[in-house]
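The next block holds one structure in the form of structure tokens; read it before the comments.
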Amino acid sequence: MTPTLTAFKASPDRGRGLARDFGVRWALEEVGQAYEVRLVGFAEMKQTGHLALHPFGQIPTYEEPGLSLFESGAIVLRIAETHTGLLPTDEAGRAQAIMWMFAAFSTLEPPIVERSMAGMLEKDEPWFAARQAMLEARISTRLDQLAARLGEAEWLEGAFSAGDLVMINVLRRLKGSALLEAHPRIAAYVARGEARPAFQRAFEAQRQVFLESGG
């Protein structure tokens, strides 16, 4: 049975593939799994029906027969574990791919998202400049470390995996910034991910939703 994903009716990312459903779409496209999308508005996300699927009133949610999930990382992991193509077949390789998923969400993403939110909400505060400088220094350090580990490799651990998918999806939040431009090895890594046909199919699908919403 075809799984169902929830996504924004009118995404605040303006069709740039930054909403949380995008990584799930990309994972589904990578494994060749057809899916349906149920679009929800902000008011609907706070209603009982949606809260039964996502207690924090957010997106995405994911439903398949006998199972519903929330949190994009958990959903991507479920897809990777139940389909071929996103996790290595050997036990050590699988563990390493999952390790990189956790690294993306726990180590790379927090300062990146914090920087983005501060730029939207705190620009007029007296501490903004100092806080941004601190966050950008933290991000730059992490990018240096990631670039050193990646080296000249195409992907983090051999073949493309769910670890790369999640990591690239997090790093895309830095596109257009001097931070990413200062790390050409990481910028090239992101570009390789975006060049994948599955990425492009997922991007166009979510972009079409935004365009049809009147964006």
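The values are calculated or read from the model by the stated rules, or taken from the named source; none is laboratory data. Every value quoted in this text rests on a predicted model; they were computed, and no experiment measured them. Heads up, the Cβs are rebuilt from the backbone with ideal geometry, glycines too, and the neighbour counts pull from every protein chain shown. Quick note on the areas: whole protein, heavy atoms, side chains included, nothing else; ligands and nucleic acids left out. Shrake-Rupley method; radii C 1.70, N 1.55, O 1.52, S 1.80 Å.
Restricting attention to segment 117-137, does a residue exist that is open to solvent by less than 60 Å² (accessible area, probe 1.4 Å) and touching a residue at least 40 places away in the same chain (Cβ under 8 Å)?
No, because not a single residue in segment 117-137 is open to solvent by less than 60 Å² (accessible area, probe 1.4 Å) and touching a residue at least 40 places away in the same chain (Cβ under 8 Å).
Just one of Gly57, Gly23 is open to solvent by less than 10 Å² (accessible area, probe 1.4 Å) and in contact (Cβ under 8 Å) with a residue 60 or more places away in the chain; which is it?
Only one candidate passes the filter, namely Gly23.
Look through segment 96-116, keep the residues that are small (Gly, Ala, Ser) and closer than 23 Å to Leu28 by Cβ, and return whichever of them is most open to solvent (accessible area, probe 1.4 Å). Don't jump to the end; show me each part of the working.
Residues of segment 96-116 that are small (Gly, Ala, Ser), as a first pass: 97, 103-104, 106, 116.
Within this subset, residues satisfying the condition of being closer than 23 Å to Leu28 by Cβ are 97, 103-104.
Numbers: Ala97: 3, Ala103: 25, Ala104: 0 Å².
Looking at residues that are small (Gly, Ala, Ser) and closer than 23 Å to Leu28 by Cβ, I get Ala103.
Considering only residues that are part of a helix (DSSP H, G or I) and either within 22 Å of Thr84 (Cβ to Cβ) or open to solvent by less than 10 Å² (accessible area, probe 1.4 Å) (or both), which ones fall in segment 26-44?
Trp26, Ala27, Leu28, Glu29, Glu30, Val31 - these are the residues of segment 26-44 that are part of a helix (DSSP H, G or I) and either within 22 Å of Thr84 (Cβ to Cβ) or open to solvent by less than 10 Å² (accessible area, probe 1.4 Å) (or both).
Exactly one of these conditions fails for Ala52: (1) open to solvent by less than 10 Å² (accessible area, probe 1.4 Å); (2) farther than 19 Å from Ala10 by Cα. Give me its number.
Here Ala52 meets the rest and fails (1).
Please enumerate the residues belonging to segment 174-191 that are among the aliphatic types (A, V, I, L, M) and out of contact with any Ser or Thr (no Cβ under 8 Å at 6 or more places or on another chain).
Result: Leu174, Ala178, Leu180, Ile186, Ala187, Ala188, Val190, Ala191.
Condition check: surrounded by 15 or more Cβ atoms within 10 Å (Cβ to Cβ) and among the charged types (D, E, K, R). Does Arg149 satisfy that?
When the stated conditions are applied, Arg149 does not pass them.
Name the single residue, out of those in segment 60-85 being outside any helix (DSSP H, G or I) and of a type in the set (Ser, Thr, Tyr), that is most open to solvent (accessible area, probe 1.4 Å).
Thr84
Of the conditions (1) in contact with a strand residue (DSSP E or B) (Cβ under 7 Å, 6 or more places away or on another chain); (2) of a type in the set (Val, Ile, Thr); (3) surrounded by fewer than 17 Cβ atoms within 10 Å (Cβ to Cβ), Val209 satisfies every one except a single condition; which number is it?
The number of the failed condition is (3).
For the structure I just gave you, tell me whether Leu165 is within 17 Å of Asp13 (Cβ to Cβ), modelled with pLDDT of 95 or more, open to solvent by less than 40 Å² (accessible area, probe 1.4 Å) and assigned to a helix (DSSP H, G or I).
No; evaluated as a whole, the condition is false for this residue.
Of all residues in segment 168-196, count the ones that are open to solvent by 50 Å² or more (accessible area, probe 1.4 Å), assigned to a helix (DSSP H, G or I), free of Cβ contacts under 8 Å to residues at least 40 places away in the same chain and not hydrophobic (A, V, I, L, M, F, W, C).
4
Would you check which residues across segment 104-152 are in a loop (DSSP other than H, G, I, E, B) and either at positive phi or at pLDDT 95 or above (or both) and list them? Lay out the reasoning, then the answer.
Applying the first criterion (in a loop (DSSP other than H, G, I, E, B)) to segment 104-152 yields 122-127, 151-152.
Of everything in segment 104-152, those that are in a loop (DSSP other than H, G, I, E, B) and either at positive phi or at pLDDT 95 or above (or both) turn out to be Gly151, Glu152.
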